[in-house]
Amino acid sequence: MSNPILGFWWLILLVVAIVCYKLILRFLFGMVIVPEDKIGLVTKKFVLFGLNKSLPDGRIIATKGEAGFQAKALAPGLYFGKWFWQYGVTMEKFTIIPEGQIGLIMAKDGAEIPTGNILAHHVDCDNFQDAEAFLNNGGQKGRQTSFITTGSYRINTQLFQVSVTDMVRIQESMVGIVTALDGLPIEEGQIAGKLVEGHNNFQDFDKFIKSSGNRGLQPQVILAGSYYLNPWAVVVEETPMTDIPIGYVGVVISYIGQEGVDTSGADFKHGNIVQKGFKGVWAEPLGPGKYPVNKYTTKVELVPTTNLVLNWASGRSEAHNLDKNLSTITVRSRDGFPFNLDVSQIIHVPNTEAPKVIARFGNMVNLVSQVLEPTIGNYFRNSAQDSDVISFLSTRKERQESAKEQIKKVLDEYNVTAVDTLIGDIVPPESLMKTLTDRKIAEEQKVTYDTQKQAQETRQGMEKETAIADMQKDIVKAQQSVEIAERTASATVKKSEGDAAGVKLAVGAEAEATKMRAFAEAEATKARAQAESEAIKLKAAAQAEQISLTGSAEAGKILAIGKSTAEAYELAVKALGGENFTRYKITEELAKGNIKLIPDVLIGGNNGGGSAMDGLLGLKLMEMMDPKKKEDVGGVNE
């Protein structure tokens, strides 16, 4: 059985032996062990022998054994000769760059950055893990164009300071507009740098600098994706791609590039139309789709290529909103009446003419405000001044056709096709509308009166025909009487002939005489019947004509009596005065009723204070009295 106390002492002796061993190795041999997940940063405290005992001015990292921070770090492993009294070794963890991020490097030592630059150029130094190579190869102090990507690195933090930042991500249907923070100045007359190739979307910024890239706004954009971009070198603005809808084209106006040859022709003097890639308005517009356009170097004006409706009507606008500032047109007619009218203009801009429209006006809004609005407004104002309101209303169709032709000629000069011009509501003055309404009512009343007159004339004719029809039975009766008389006469003749045959010899002479008398009587009867028939016909016609003439005469009589009575009353009022005429009419009506209101003695003269009118009224009363009473009246008051 082992002794516990003895085991404890053996453990103490083992620990002491190990400590003594390490102390001996460290003091005697300068042993240093660097763990596998760390790096040893060495600081040399002093130099025992040699000429290079201190660092040059401006340097803080030693590359030739000088005292101070050493450029060469210790990788994981076992090292000797690093005595603690001469060297200080600090253990630092590896520099780790997570997924989706980059490490920006700031060098604390190195050569000076050239004047005019803000970033240090790239040098080969194993991704900044070889600080000694960085300094010996001409590495510059300050912010570096190069950076480190995702991974673990043995970075000497005495020389390099590492900042971790996110990668740049451009979303779908977006575009990245790049502004470079370092490079050559932009050329005079340009707003953006020149196009540089080979820098892998600005991820190799050192290549961009060596290719004479310019600082400032860049013409090149980056598309959707993730990029290793140094934020000390470039600034990226994410913006939506340019969307050109169906039914539109995009006219490109480039603010950068070299001056191009004008392709618009000698007759077009409103700007340069150039080929793609040059400064100016591009001759070929962009079709429907999405485009990665740099909005600071290039402008895309949308031009509708379908028929475009513009309304000159207050409170009504189309979806394109180009007519939102248009309103109902107020015009004044030749007879001085102001009135309002709504107009719609349909236009079309061919896609081949769209660049010229934009070169001339800049955008579609200017086309509407500078050409369409004054052209259409002035046309209808001038047209209204040549006509009165009534004529304008009645010739609306003709004026619409004329407006279409005139406006088409004007718009053709501006590379715009006028499809149609339509006149909408026309609102005349209210006072004039009342006059027109009254006139129409009067015309309709006249038609009504004419119709009634025709009806009365038709009725008169019908009554005439009715009277003739009523007389027709008398005419027929007369005709029948004539036929009866003829038949009776014929029968008498035949009977006489029969009797004469029987007694031909005896009474020949008498028979012949009888025959002659019978024939004469028959002829006389026939003549009387015909005369009576003609008399009946003439009587019926006369009665019908009398009825018609009597009706017309009666109507004329009534009208004449009314007119004459009215004229007589008017003359009496003028002669007697309104009040005296009223007294006269009252007296007349009382007399018609045989009402005795005054004595049977006419009182007049000059002594009683009566007027001449009183005397006239007395005479009138005597005329209307019974003749017997007139004879009894006998005194005159003198």
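The values are calculated or read from the model by the stated rules, or taken from the named source; none is laboratory data. Since the model is a prediction, treat every value here as computed from it, not as a measurement. Ideal geometry is used to build each Cβ from the backbone, glycine not excepted, and the neighbour counts take in all protein chains shown.
A compact table of results
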| read-out | value |
| --- | --- |
| Members of the range 109-123 that are surrounded by fewer than 16 Cβ atoms within 10 Å (Cβ to Cβ) and not β-branched (Val, Ile, Thr) | Glu112, Pro114, Gly116 |
| Total residues in the range 256-302, condition basic (Lys, Arg) and part of a strand (DSSP E or B) | 3 |
| Residue tally, condition of a type in the set (A, V, I, L, M, F, W, C) and without any contact (Cβ under 8 Å) to a residue 24 or more places away in the chain, over the range 313-356 | 1 |
| Leading residue by the ranking (nearest to Lys295 (Cα to Cα)) among those in the range 163-208 that are touching a residue at least 60 places away in the same chain (Cβ under 8 Å) and in contact with a Leu (Cβ under 7 Å, 6 or more places away or on another chain) | Val175 |
| Complete set of residues in the range 60-98 that are under 11 Å from Lys38 (Cα atoms) and polar (S, T, N, Q) | Thr90, Thr95 |
| Count of residues meeting criterion [assigned to a strand (DSSP E or B) and over 26 Å from Gly216 (Cβ atoms)] in the range 241-250 | 4 |
| Check on Thr375, farther than 18 Å from Thr305 by Cα, surrounded by 14 or more Cβ atoms within 10 Å (Cβ to Cβ) and within 19 Å of the chain's Cα centre (by Cα) | yes |
| Members of the range 276-318 found to be buried (at least 20 other Cβ atoms within 10 Å of the Cβ) and small (Gly, Ala, Ser), listed by number | Gly280, Ala283 |
| Check on Ile253, out of contact with any His (no Cβ under 8 Å at 6 or more places or on another chain) and farther than 15 Å from Asn351 by Cα | yes |
| Conditions (1) among the basic types (Lys, Arg); (2) assigned by TED's automatic domain parsing to the domain that holds Gly77; (3) without any contact (Cβ under 8 Å) to a residue 24 or more places away in the chain: number failed by Arg143 | (3) |
| Close pairs from the range 444-462: first surrounded by 10 or more Cβ atoms within 10 Å (Cβ to Cβ), partner part of a helix (DSSP H, G or I), Cβ under 9 Å, at least 6 apart | Gln460/Ile547; Gln460/Ser548; Gln460/Gly551; Gln460/Ser552; Gly461/Ser548 |
| Residue match in the range 50-71 (condition: buried (at least 16 other Cβ atoms within 10 Å of the Cβ), closer than 25 Å to Gly139 by Cα, touching a helix residue (DSSP H, G or I) at 6+ places or on another chain (Cβ under 7 Å) and among the β-branched types (Val, Ile, Thr)) | yes |
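To keep it simple, each residue is scored yes or no on (1) out of contact with any Cys (no Cβ under 9 Å at 6 or more places or on another chain); (2) closer than 24 Å to Lys210 by Cβ; (3) not assigned by TED's automatic domain parsing to the domain that holds Ala67.
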position: Phe80; (1), (2), (3): yes, no, no
position: Phe84; (1), (2), (3): yes, no, no
position: Glu99; (1), (2), (3): yes, no, no
position: Asp109; (1), (2), (3): yes, yes, no
position: Glu132; (1), (2), (3): no, no, no
position: Asn137; (1), (2), (3): no, yes, no
position: Ser152; (1), (2), (3): yes, no, no
